[in-house]
Structure formats: C-alpha cells, structure tokens
Amino acid sequence: QCVVHCPVGALRERDDTETVFSALSDPTKEVVFQIAPAVRAAWGESLGLSPEQATEKRLAAAVRALGVKHVFDTTFSADLTILEESSEFVERLSHPESSKLPQFTSCCPGWVRFVRTEYPELAGHLSTAKSPQQMFGAIAKSYYAQKLGKSAKDIFCVSVMPCVAKKYEAATPEVSDVADQDVDVVLTTRELDRMLRAMQINVAALPEEDFDSPLGRGSGAGVIFGVTGGVMEAALRTAYWKLTGSNPPADAFQDIRGQKPWREASFSIGETTLRLAVASGLGSARALMDALRAGQVSYDFVEVMACPGGCSGGGGQPIHDGEDHAAQRGQRLYALDQESPIRFSHENPTIQTLYQEYLGHPLSETAHHLLHTDQRKWTL
Ligand code: SF4
C-alpha cells in the first residue's frame, strides 16, 4: 500500500503488527505502549465508532484488551518535550549573539529530515529536544524500568503514532541513548485498528478506562501537539511562565491557530516581542525556508509539521478517499485541551515528580543524555 501524505514518500508502510503480537506472547518482555495525541482524534474512524464512542479512555481500554499491561500516553512526554524545548528557547533568547535563532521545532521526523537534506546549513536551528515518542522510550527504559525493578532490555516499547516517518525515527541509531532503540516498534493508527479487528475486540462495548500511571498523564498543552501550531502554542505557554514567573491565560496564543499553510504571529512577553511562524506541509515549509535563507523574513521561533494540518492529518491515520479530516480532528484536540484540568505542561504533576526524582531540572546533564540529540549526526 502506498503511503498517503507521507512526507518521506519513498517509505512504504511496513506492517509491524506481528512483531507486537509476538512480544505480547513473550513472558520475558514487559510490553509498554504509548499512544500519541493525534491518534485519539482518529482511531475510531475505521472501526465504525462515533466520536462520542471513540474516546481516549475507550482507546486505553481497547489497547488493554489486546493484552497490554502498561498503557501510557505520549501526551505525558509531549509535556516533557515542552519543558526541555521551551527551556532551550529561553536560553537561546537570552544569548541572541551566540545562539541560532529562530529555533526550529524538532518533533516531526519528516521536517527534521527535510531540513537536514535540503537546508543543512540551517540544521543547527533545530531544537535538540527529541520528539515526544523518543523521550517516552528513553524514560520508559530508564526511570520506569527502575520503578519496575527491570533493566532497559526487559522493556519492549511500542508506540502508536499517526505517522509512518516515526518508524524510521525510532530506527535511527543516533537518537537512542538507553538501549539499542528507545522505541522498539512503531504502529500507525491504521495498524492498531487492524490489530483490534484481528482480535475481534468489540471495542464499542468496552467500558472506558484510564491510562496507567505514572506515564499516562498529560496536559491539554500536550494534547494539542497533534495539530498544526499546537507545539508552538504549548511551548509559548511554558516559555511565558519561565520568562515572567506567572502563567498567561491558557488561550493567550490562540492567534497562531488555523489551517493556513504558512502563518505568522507576534506576541509580547514582558519586554520581549516574539516573532513566530508556523507551517504545515513541505511545500509551505520550503517557501518559508527559502524566504528565511534569503533574509526576506525573520523569526524567533518556527514550528513546521510535514503533513498538512499537522499530525492530525498524518500518513498513518485512517484514510477516507478524497476527504481531508485533519482540521476536524484538530478541533477535537482543541476541545480536549479546553476540557483538560491541566492546561500547562509545567503543571503536570507527573512531570514535576520526574524532574524531582530523576532528571533534576530541564537541560540538566541527565536530561541532555536522555532527552536531547544532535540531528546533524543522524545517519538515517
Ligand atoms: Fe509524522 Fe506528524 Fe510529522 Fe506527519 S506531521 S510526518 S504525522 S510527525
């Protein structure tokens, strides 16, 4: 099957469901699942579920019905990414003479590869923060493994992603620090749906369940990672807090939302005025990068997602011929953010505990070792 919308179009979707089924039947493995924010907005579409039935809690129950004991939420590590990436941004802002501004987001492997191959002289602008998928794997195989009394090799980390490019990101040797691979297998939303169908699980009849603890709790800011502009907005909420010592209104940066492929905004935080750009789709990314390289535009922070509409419209999501569901799914994620009792990544209590117990503080030595990477050295 050809990969639709995949920004690395040379990739074909490799079916990894059998590998996951065999890990689940291996008693020596602790199979740990993480589920990306955008998956919750789309997983029920090809299973015939209504949006009211296809809740994130029923998704957790469905994955548990496959026999998975540890069902976690990548929204947790999206919050972790925000702590690291916004700290890096504030650091770069405070040393503009020696820093590479604008800072580029780094959570989309399609975009990272695009910068590395098409604009290598600008690759130093990428945040060194790993993506939420990779941060989750690194924490699952270190901090969480220790909590279980296990070692990294006992943990088999599976991620469910809206994305085909995440398969090669997980397989990039230079991105993993704890084990051979921080993430062992990446399933797309479509593959997860296939597994649920193969096991004949009557998903609609499952009662809702919570994600597991401690890596199963995320903020609304983490949820909007799945929509174009969401990473920028989440990072600004925490950067504001870092720069001023107090929270902004949670929706203070909503002017950056929308589906326009390349959009700009500026916001004042204290004495600082930030110039921002968001692009989705590699065509608009190319236009933005050409303008940046030619000195026609100037920004402090740039978010790019390779898929039009961001991960909501990712190449691993259910396909409906001739229909684009990215915007509609994105609206579901904004609604979940609004309903969330925690709207700021830095207020996620699990993240606070993780720093207290294990990482120290954002950009600490341990955080650098586990959560950052130099994309310029990637060989895949
Ligand atoms: Fe993957 Fe999301 Fe990037 Fe698309 S936008 S390539 S789904 S990370």
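The values are calculated or read from the model by the stated rules, or taken from the named source; none is laboratory data. Here the structure is a predicted model, which means the values were calculated and not measured. Cβ placement follows ideal geometry from the backbone for every residue including glycine, while neighbour counts extend to all protein chains displayed.
Quick notes on this one:
- Out of 290, 255, one residue alone is more than 16 Å from the ligand (Cβ to nearest atom), part of a helix (DSSP H, G or I), surrounded by 15 or more Cβ atoms within 10 Å (Cβ to Cβ) and free of Cβ contacts under 8 Å to residues at least 60 places away in the same chain. It is 255.
- Residues satisfying the stated conditions in the range 152-166, i.e. more than 10 Å from the ligand (Cβ to nearest atom) and either among the polar types (S, T, N, Q) or within 17 Å of residue 189 (Cα to Cα) (or both): 157, 158, 159, 160
- Going through (1) within 18 Å of residue 163 (Cβ to Cβ); (2) without any contact (Cβ under 8 Å) to a residue 24 or more places away in the chain one by one, residue 22 falls short only on (1).
- Of the helices (runs of 4 or more DSSP H) entirely within the range 326-380, those holding at least 2 residues that are more than 18 Å from residue 86 (Cα to Cα) and either modelled with pLDDT under 95 or not hydroxyl-bearing (Ser, Thr, Tyr) (or both) occupy 326-339.
- Single condition residue 244 does not satisfy, out of (1) crowded, with 23+ Cβ neighbours inside 10 Å; (2) closer than 19 Å to residue 301 by Cβ; (3) β-branched (Val, Ile, Thr): (1)
- Residue-level check: of (1) within 16 Å of the ligand (Cβ to nearest atom); (2) assigned to a helix (DSSP H, G or I); (3) in contact with a Lys or Arg (Cβ under 9 Å, 6 or more places away or on another chain); (4) not small (Gly, Ala, Ser), residue 237 misses just (1).
- Criterion violated by residue 250 - all others in (1) under 20 Å from residue 34 (Cβ atoms); (2) away from the ligand (no atom under 16 Å from the Cβ) satisfied: (1)
- Scanning the range 299-322 for any residue that is surrounded by fewer than 20 Cβ atoms within 10 Å (Cβ to Cβ), under 20 Å from residue 279 (Cα atoms) and within 16 Å of the ligand (Cβ to nearest atom) turns up nothing.
- Some residue of the range 258-281 being of a type in the set (D, E, K, R) and in a helix (DSSP H, G or I): no
- Lone unmet requirement of (1) in contact (Cβ under 8 Å) with a residue 60 or more places away in the chain; (2) out of contact with any helix residue (DSSP H, G or I) (no Cβ under 6 Å at 6 or more places or on another chain) for residue 365: (1)
- Matching option when the condition is at pLDDT 95 or above, surrounded by fewer than 18 Cβ atoms within 10 Å (Cβ to Cβ) and either more than 17 Å from residue 37 (Cβ to Cβ) or among the acidic types (Asp, Glu) (or both), among 96, 120, 102: 120
- Per-region count, the range 143-169, residues among the small types (Gly, Ala, Ser) and either surrounded by 22 or more Cβ atoms within 10 Å (Cβ to Cβ) or closer than 27 Å to residue 305 by Cβ (or both): 2
- Restricting the search to helices (runs of 4 or more DSSP H) fully inside the range 103-189 and requiring at least 3 residues that are over 13 Å from the mean Cα position of the chain (by Cα) gives 109-118, 145-148, 165-171.
- Positions within the range 46-85 being of a type in the set (Ser, Thr, Tyr) and not in a loop (DSSP other than H, G, I, E, B), in sequence order: 46, 74, 75, 77, 81
- Residue 125 falls short on exactly one of the conditions (1) more than 14 Å from the ligand (Cβ to nearest atom); (2) over 30 Å from residue 291 (Cα atoms), and that condition is (2).
- Against the test of being without any contact (Cβ under 8 Å) to a residue 12 or more places away in the chain and more than 14 Å from the ligand (Cβ to nearest atom), the options 138, 179, 205 yield a single qualifying residue, 205.
- Verdict on residue 43 being hydrophobic (A, V, I, L, M, F, W, C), assigned to a helix (DSSP H, G or I) and either in contact with a Ser or Thr (Cβ under 9 Å, 6 or more places away or on another chain) or closer than 22 Å to residue 244 by Cα (or both): no
- Scanning the range 217-228 finds one or more residues that are within 20 Å of residue 70 (Cβ to Cβ), assigned to a loop (DSSP other than H, G, I, E, B) and of a type in the set (Gly, Ala, Ser).
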